[in-house]
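Following: one structure in structure tokens, then a few remarks.
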Ligand SMILES: [Zn+2]
């Protein structure tokens, strides 16, 4: 290599180095770093590890597990003390519980867990939109109910309950939410909802659910989530779903409206999805079975695992990431 070539190479490297010092931002399929390169962004190495979400649930491969105690959702029926605030954060509709976070118990989870927030994922049309798929079928929407431990359980462990939504009949249980969407047209806007029982947002039957150990479906893709996906889905009308599609997104992620906010399906690798349909009988009969040790153990080993994941990024992956960071850093501010 002659000196001018070496100088040129040095210049390119310097340019790349300066570029990645800035912050490219994650996105979905319009603007920002797309899901397949999220792991390239600083702090997001876990996005390519082996317990990621969402997944495709193949019903022929699920393992039946009825040795789990049924859920106790009685606190979600409280309408009086549960204040709900709905906001547009630029890539999702989120409902927060500022005064009192309702609790859930049992269902094989560490208890009690409190409802931190719930949020929605949707598509640009009703052929897609959900994050989890069943036998490859993608639903029009998905609601995630994000639960956190109240302090006694393992600190980092979380649980998400998911409801899949298909386009069909009008669903009056979602009327309050849908009717207030016009009041949160753009990122940062929020509105207080009239009170209604949170349990109404669940399917009529909550007896059967799929479960597996997974992650957040957005960066940093942290692998500390016990996923519960109700087997029964619910409907919303096209009119109702369209109300979500009219919301404006943050310009770093969307050209105009918030649409197609689902991460692609992640491989299951060694994981199994279970299906539980516990019968309602004396809870004491279930006591000794009630546990999700495998998810919990994984979370406690996380420190070690995180290093392994970072080191597993291959050399070719590193150069791809260098380019990704350079490219998206320089396209962030385009109109
Ligand atoms: Zn979500």
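Taking the conditions (1) modelled with pLDDT under 95; (2) within 26 Å of residue 278 (Cα to Cα); (3) touching a strand residue (DSSP E or B) at 6+ places or on another chain (Cβ under 6 Å) in turn, residue 145 satisfies each one other than (1). All of 46, 84 fail the test of being surrounded by 15 or more Cβ atoms within 10 Å (Cβ to Cβ), touching a residue at least 12 places away in the same chain (Cβ under 8 Å) and more than 18 Å from residue 131 (Cβ to Cβ), apart from 84.
Just one of 216, 196 is within 16 Å of the ligand (Cβ to nearest atom) and under 23 Å from residue 101 (Cα atoms); which is it?
On the way: 196 fails: within 16 Å of the ligand (Cβ to nearest atom).
Going through 216, 196 in turn, just one is within 16 Å of the ligand (Cβ to nearest atom) and under 23 Å from residue 101 (Cα atoms): 216.
The strands (runs of 3 or more DSSP E) found entirely in the stretch 81-174 that carry 2 or more residues being away from the ligand (no atom under 16 Å from the Cβ) are 84-88, 103-106, 113-122, 158-167.
Considering (1) modelled with pLDDT of 95 or more; (2) buried (at least 16 other Cβ atoms within 10 Å of the Cβ); (3) touching a strand residue (DSSP E or B) at 6+ places or on another chain (Cβ under 8 Å), the lone condition that residue 191 does not fulfil carries the number (2).
Looking only at the stretch 92-107, residues that are modelled with pLDDT under 95, within 27 Å of residue 249 (Cα to Cα) and touching a helix residue (DSSP H, G or I) at 6+ places or on another chain (Cβ under 8 Å) come to 0 in all.
Figure legend. Inter-residue proximity from the stretch 200-223: first residues farther than 17 Å from residue 67 by Cα and outside any loop (DSSP other than H, G, I, E, B), second residues modelled with pLDDT under 95 and within 14 Å of the ligand (Cβ to nearest atom), beta-carbon distance below 6 Å, spacing 6+ or different chains. Indicated pairs: 214/225.
The values are calculated or read from the model by the stated rules, or taken from the named source; none is laboratory data. Because the structure is predicted, anything quoted here is derived from the model rather than measured. When we count neighbours, we look across all protein chains shown, and the Cβ atoms used for this are built from the backbone with ideal geometry, even at glycine.
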